[in-house]
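Before any comments, here is the structure.
Just so it is clear, none of the values below were taken in a lab; they were calculated from the coordinates. Since we're looking at a predicted model, the values are computed, not measured. Here the Cβ positions follow ideal geometry from the backbone for every residue, glycine too, while neighbour counts run over all protein chains shown.
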Amino acid sequence: MAERARKAYGVLAEFRSTGDLLRAAEKLRDAGFRRWDVHSPFPIHGMDRAMGLGRSPVGFIVGLCGTTGLLVFLAFLYWINVYDYPMVISGKPHFSYQAFVPPLFAITILSSALAALFGMLALNRLPRLHHPLFSSPQFEKVTGGGFFISVEADDPKFAEIERTGLLEALGATAVEVVGDGGEDER
Amino acid sequence: MSTKDAKGNALVIDEDRFIVGNPTYEEITEAVSRIPEQRATPKAWWVLFLVSAALAGMFFAHVGYLFWKGTGIWGLNIPVGWGFAIVNFVFWVGIGHAGTLISAILFLLRQRWRTSINRFAEAMTIFAVICALMFPTIHVGRVWFIYWTMPIPNQMGMWPNFRSGLVWDAFAVGTYFLCSLMFWYVGLVPDLATLRDRAKGKIRKILYGVFSLGWRGGNRQWRHYELAYLVLAGVSTPLVLSVHSIVSTDFATSLVPGWHTTIFPPYFVAGAIFSGFAMVMTLSLIARRVYGLEHIISLKVLERMNIIMLVTGSMVGYAYGMEFFIAWYSGNIYEKFTFVNRAFGPYAWAYWIMVTCNVITPQLFWFKRLRTAIPVMFVASILINIGMWFERFVIVMSLSRDFLPSSWDYYSPTWHDVGLLIGSFGLFFTLFLLFLRFLPMVAMAEVKAVLPQADPHYHGERSHG
């Protein structure tokens with residue numbers, strides 16, 4: 001069994017409701033598991049704390065990129081209007097920054113939005129075309145109304161799961177071993 | 001699933017009433033997913049699609065002729081150098097604003113009733129902005145120079161004039177389009193994953209699989225996803241107010257009487273939200289009826305939209321009154337003349353259509369009976385859209401009688417102008433029908449998250465007392 005588990009991606013356990021899922025997640029967190037995840041059709045309120053996850057760094061990425069976008073574009077406008085292509089419009093100074101607020105604002109918003117999208121994708125290691133979990137037919141329910149916990153075989157405490165029947169004890173209705181999609185599975 | 005189970009969770013139960021009948025997660029998935037999964041496309045869809053596609057074809061035919069011949073095919077004259085192109089542009093950008101308001105501002109305000117209409121409203125925003133962007137692009141006459149609006153290095157060593165309202169416009173609307181697209185797509189990813197997991201055919205599996213980006217619904221993903229969504233809502237929120245304000249500077253920074261006023265930005269924004277909600281209303285009334293989504297897009301949701309229309313419509317009515325007052329109070333003869341001329345001059349017919357549709361129609365929604373009656377709101381939503389188009393027409397036609405009576409003229413559209421206007425509706429509806437056919441029109445993941453059983457403490461109370 002242990003040999004097979006080493007080749008496998010991990011185990012996938014199905015739960016009945018968000019409440020069961022949340023309590024199971026708290027137990028796994030307290031038991032010290034590292035490489036595991038909770039899967040649900042929608043984000044569950046309070047799950048980040050139940051899993052012991054901190055705040056997502058997306059906010060920092062957005063703040064950084066938004067500020068960079070603003071400053072780079074401001075420098076660009078300064079360079080255009082003062083050095084590269086100075087024009088006198090209505091007798092105003094070359095660098096009449098008040099008039100540049102609308103485009104600066106637009107660029108700040110745009111760079112923040114791009115950072116939010118691509119930062120989120122990068123942190124989630126997306127896009128990817130396949131994942132071992134997709135080999136489980138049960139897992140198709142995760143985007144409909146199914147609730148799952150997956151624990152990866154790499155987790156240092158993975159052996160405990162099978163030895164103690166931990167997931168069943170936490171209320172899992174079905175537990176299965178998911179292959180890594182490689183040939184040794186068949 | 002009686003309400004007694006969750007007495008301690010009155011808030012959740014209260015929110016839930018927007019979704020009628022307390023469906024399960026699977027029922028929501030089924031109700032929404034079956035529409036893009038239909039084997040046989042409904043006949044009604046084909047009829048609407050062919051009509052819309054024909055009109056869109058007419059749009060591009062007119063555009064082609066315009067490129068060949070030039071803007072002389074329009075009814076423009078001097079002094080009316082801006083005609084239907086700017087009217088249609090402002091109209092379509094305005095339509096988009098309600099979508100962003102619903103998806104961004106109502107999200108930040110935790111208005112959970114938005115979940116049943118936000119997907120739709122965002123799609124409407126994107127397609128409306130596409131229609132809007134067509135008009136400034138084609139109106140420049142020499143369309144191959146449209147890239148001059150963007151700071152692209154070129155062989156002439158020139159840069160755009162960043163002090164111009166028109167360049168601000170290009171930045172504002174371009175950003176608006178891209179942000180709306182990203183916001184919409186991020187919201188779509190979990191629902192595309194639902195369609196991927198339900199897909200039967202190979203092509204569907206591949207396409208939904210690629211576009212859902214490998215979404216697994218893991219909480220380690222949701223954590224970043226939720227914050228990214230919040231940030232996108234946060235950055236889109238100022239856009240609701242800024243984009244139409246910047247559009248209004250196209251007018252307000254000029255010296256034309258009736259345009260050169262400080263009321264323009266808020267007045268344009270209120271009008272934009274007003275007309276956009278009317279368009280969301282028209283579309284959702286049709287879609288919920290045709291696709292049987294009455295329990296998800298419930299009467300309560302529609303009533304809330306009507307209340308927003310009442311508020312913004314009254315703001316627009318106030319702006320009309322205030323414009324008149326300021327024209328009189330300013331003591332400026334040109335300003336005074338412009339407003340008297342709007343109400344009693346050659347375009348009085350357009351002015352009174354505008355007042356009837358925009359000021360009087362929304363007042364019906366003071367009455368609960370009327371704002372919960374589907375036929376009333378359907379007719380009202382169409383009247384409001386007509387009225388809002390005429391509002392922009394009335395504003396632009398200030399040009400026809402400016403300072404010097406010897407230069408006055410009367411603008412009337414040619415059939416190319418009218419063809420482009422009608423054709424833009426064809427383009428809009430073609431894109432919208434394709435959206436309804438192939439993508440989930442209700443944000444399933446978001447609707448599920450506001451069901452009472454989605455709260456982890458709901459089941460907890462029931463099973464463990």
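Laid out as a table, the results:
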item	result
Extension gain from residue B:403 to residue B:303, taking 0.36 nm per residue of separation minus the Cα-Cα distance	31.4 nm
Within the range B:12-464: Cβ-based charge dipole about Cα centre, in debye rounded to nearest 20 (Lys, Arg +1; Asp, Glu -1)	1020 debye
Inter-label distance for residue A:138 and residue B:20, nm, one decimal - labels placed 7 Å from Cα along Cα-to-Cβ	3.8 nm
Gained length - residue B:370 relative to residue B:30, 0.36 nm times residue gap less alpha-carbon distance	119.2 nm
Those trypsin sites (Lys or Arg not before Pro) in the range B:22-128 that DSSP places in a loop and that have at most 16 other beta carbons within 10 Å	B:39, B:110
Amide N proximity, the range B:109-148 versus residue B:311 label position 7 Å along Cα-to-Cβ, cut-off under 18 Å	B:109-118
Modelled FRET efficiency - R0 45 Å, residue A:94 with residue A:128, Cβ distances, 0.05 increments	0.35
Partner chain coverage, peptide B:162-174 - average Cβ within 10 angstrom	5
Computed [θ] at 222 nm, helices only, for the protein assembly as shown once each DSSP H run of length n ≥ 4 contributes -39500 (n - 2.57)	-20000 deg cm²/dmol
Computed E for residue A:27/residue B:54 - FRET, C-beta separation, R0 51 angstrom, nearest 0.05	0.25
Peptide-level mean, for A:97-107, of C-beta atoms on other protein chains within 10 Å	6
Cross-link table B:205/B:300; A:157/B:205; B:205/B:448; A:27/A:141; B:43/B:200; A:157/B:448, entries beyond 29 Å C-alpha to C-alpha	B:205/B:300; A:157/B:205; A:157/B:448
Length added when fully stretched, residue B:360-residue B:143, from 0.36 nm per residue minus Cα-Cα	74.1 nm
For a label point 7 Å along the Cα-to-beta-carbon line of residue A:78, residues of the range A:86-101 with backbone N under 14 Å	A:94-98
Projected label distance in nm at residue A:168 and residue A:101, using a 7 Å step from Cα toward the beta-carbon	6.8 nm
Efficiency of FRET from Cβ geometry, residue A:45 and residue B:185, R₀ 35 Å, rounded to 0.05	0.90
Cα-based equivalent ellipsoid of the range B:12-464: semi-axis lengths in Å, sorted from largest, via gyration tensor	40, 26, 21
Length-normalised contact order of the range B:12-464 in % [C-alpha pairs under 8 Å, at least 6 apart]	32 percent
